[in-house]
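Enquirer: What follows is a single structure, and I will ask about it in a moment.
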Amino acid sequence: MYRHHYETNRFLEASPADVFAELDDHERLSVHMMRSSAMMAGASMRLELDAAKGRKTGSKMTLRGRVLGLPLNVEEVVIEYTPPLRKVWETVGTPRLLVIGRYRMGFELEPGDHGSRLTIFIDYDPPVGFGNRISRLLGPAYARWCTTNMADGVARHFG
């Protein structure tokens, strides 16, 4: 369905329920998008959540911002919500992004002997228009940056 896939894996010394609870806070999970960074060309996005705050199937989340003077926005909806093992969200409509286009993103947890194996993934298409060329160059780096930031954030939390 999507042309590209990237995932980041970590082993965490915490139960799947504890890890899921940490990742289920979409504001914490998306903090890398809300801070100015080189990958965001010095810009940042703001997150808008519905009443469910991304914590049930059908819940909606929106990211808005400007990068290099261009307005960006993406609407997402939670399509799978299976605590404490899996959560997946996907873009709705055509996102206005520079490096990637439509995407499906999520995380999975597998219980282990002394903790949990975490996989954070993104499946994505290049954006339509001139962004397609940018995506070939920067799409894999962006996917790695995004999933790694999420995984590292939760790893730091559980130390």
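All of the numbers you see were taken from the coordinates with simple rules; none came from a lab. Treat the numbers as computed from the prediction; the structure is a model and nothing was measured. Please note: Cβ atoms are built from the backbone with ideal geometry, for glycine as well, and neighbour counts cover all protein chains shown.
Enquirer: For the chain, evaluate the Debye formula with one uniform point scatterer on each Cα (no solvent term) and list log10 I(q)/I(0) at q = 0.13, 0.21 Å⁻¹, rounded to two decimals.
Expert: Results for the chain at q = 0.13, 0.21 Å⁻¹ read -0.58, -1.49.
Enquirer: Count the net charge of all other residues whose Cβ sits under 11 Å from the Cβ of Val128, scoring Lys and Arg as +1 and Asp and Glu as -1.
Expert: +1
Enquirer: With runs of 4+ DSSP H residues as the only contributors, calculate the mean residue ellipticity of the chain at 222 nm using -39,500 (n - 2.57) per run, divided by the residue total and rounded to the nearest 500.
Expert: Details: 3 runs with 40 residues, N = 159.
Calculated at 222 nm, the ellipticity per residue is -8000 deg cm²/dmol.
Enquirer: Right, here's the next one. How much length is gained on full extension from Tyr2 to Ser15, taking 0.36 nm per residue of separation minus their Cα-Cα distance?
Expert: 1.6 nm
Enquirer: Follow-up question, since we're still on this one. Suppose the chain between Glu80 and Asp25 were pulled fully straight at 0.36 nm per residue; how much longer would it get relative to their current alpha carbon spacing?
Expert: Length gained between Glu80 and Asp25: 18.3 nm.
Enquirer: Could you work out the relative contact order of the chain, using alpha carbon pairs under 8 angstrom and six or more residues apart, expressed as a whole percent?
Expert: Averaging sequence separation for qualifying contacts and normalising by length gives 27 percent for the chain.
Enquirer: Could you tell me how many degrees, from 0 to 90 and to the nearest 10, lie between the Cα long axis of helix 131-158 and the main elongation axis, the longest principal axis, of the Cα atoms of the chain?
Expert: The helix 131-158 is inclined about 30 degrees to the chain.
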